[in-house]
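Everything below concerns the one structure shown next.
The values are calculated or read from the model by the stated rules, or taken from the named source; none is laboratory data. Quantities reported herein were computed from a predicted structural model and do not represent experimental measurements. Counting neighbours? That spans all protein chains shown, and the Cβs are built from the backbone with ideal geometry, glycine included.
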Amino acid sequence: MTGVFGAVFDPPHFGHLALLRQARERFAFERVVVLVVAAPGHKHVATDAATRLELARAAFPGEEVRLDPHPRTVDLLRERGFDDAMFLIGADQFADFLDWKEPDEVLELARLGVATRPGYPRKQLEPVLAGLRRPDRVEFFEIEPLDVSSSEIRARVARGEPVDGLVPPAVAREIARLGLYRATDPAARLAPGPIAGEETD
């Protein structure tokens, strides 16, 4: 099975790493592909795709990290045709899964691995499952709760605050070296976003 983890990674943080690590433990993937979404459909990004690709490579050393030019997951899966793929997302993004482009087709092309925090109210997800043609293609797994988001990290950098403990050291070094998310960039202070999903952080 191939685990496919796509996100904007603006920047990547320990929440991303925890999700992938625990998905590996749960599903024993033979291959993992980390995809940096180059141009998310309806989401502002603070840095260009090439920069985010370098940040992702710093965050996931040894992994297969590629740029994904597709703004929608179904288009990616149609073109790439991963063998026995599982697309990894967070529970918050799965709550909006019916609003994705062709969600039933996504589930024909790949299974979904949905990360939930301990105590997450699964009843919020039941209407999504009920609206799908193949709910059996959705598998849930728990991840450790980490109170971190890319938007918070951008805001902290813009305020001149440290991000130790929020991003891998290699990512922190790249942010500093490239001068990313500084206060002179209003997008760095204002751009919000979730951890993972159709238009992921």
Index of the failed condition, residue 49 passing every other in (1) of a type in the set (Gly, Ala, Ser); (2) closer than 21 Å to residue 74 by Cα; (3) in contact (Cβ under 8 Å) with a residue 24 or more places away in the chain: (3)
State whether one or more residues within segment 3-10 are among the small types (Gly, Ala, Ser), more than 22 Å from residue 153 (Cβ to Cβ), in a strand (DSSP E or B) and in contact with a helix residue (DSSP H, G or I) (Cβ under 8 Å, 6 or more places away or on another chain). yes
Among the residues of segment 71-83 satisfying the criterion of being more than 19 Å from residue 51 (Cβ to Cβ) and assigned to a loop (DSSP other than H, G, I, E, B), which is nearest to the chain's Cα centre (by Cα)? 72
Of the residues 139, 102, which is loosely packed, with under 14 Cβ neighbours inside 10 Å, under 26 Å from residue 70 (Cα atoms) and of a type outside the set (A, V, I, L, M, F, W, C)? 139
Go through segment 22-65 residue by residue and tally those that are over 26 Å from residue 173 (Cα atoms) and either modelled with pLDDT of 95 or more or of a type outside the set (A, V, I, L, M, F, W, C) (or both). 10
Touching a Pro at 6+ places or on another chain (Cβ under 7 Å) and either farther than 30 Å from residue 176 by Cβ or surrounded by fewer than 19 Cβ atoms within 10 Å (Cβ to Cβ) (or both): does that describe residue 97? yes
Looking at segment 161-175, which of the residues that are in a helix (DSSP H, G or I) and of a type in the set (Val, Ile, Thr) is surrounded by the fewest Cβ atoms within 10 Å (Cβ to Cβ)? 175
Qualifying helices (runs of 4 or more DSSP H) (wholly inside segment 91-134; at least 2 residues being in contact (Cβ under 8 Å) with a residue 60 or more places away in the chain): 91-94
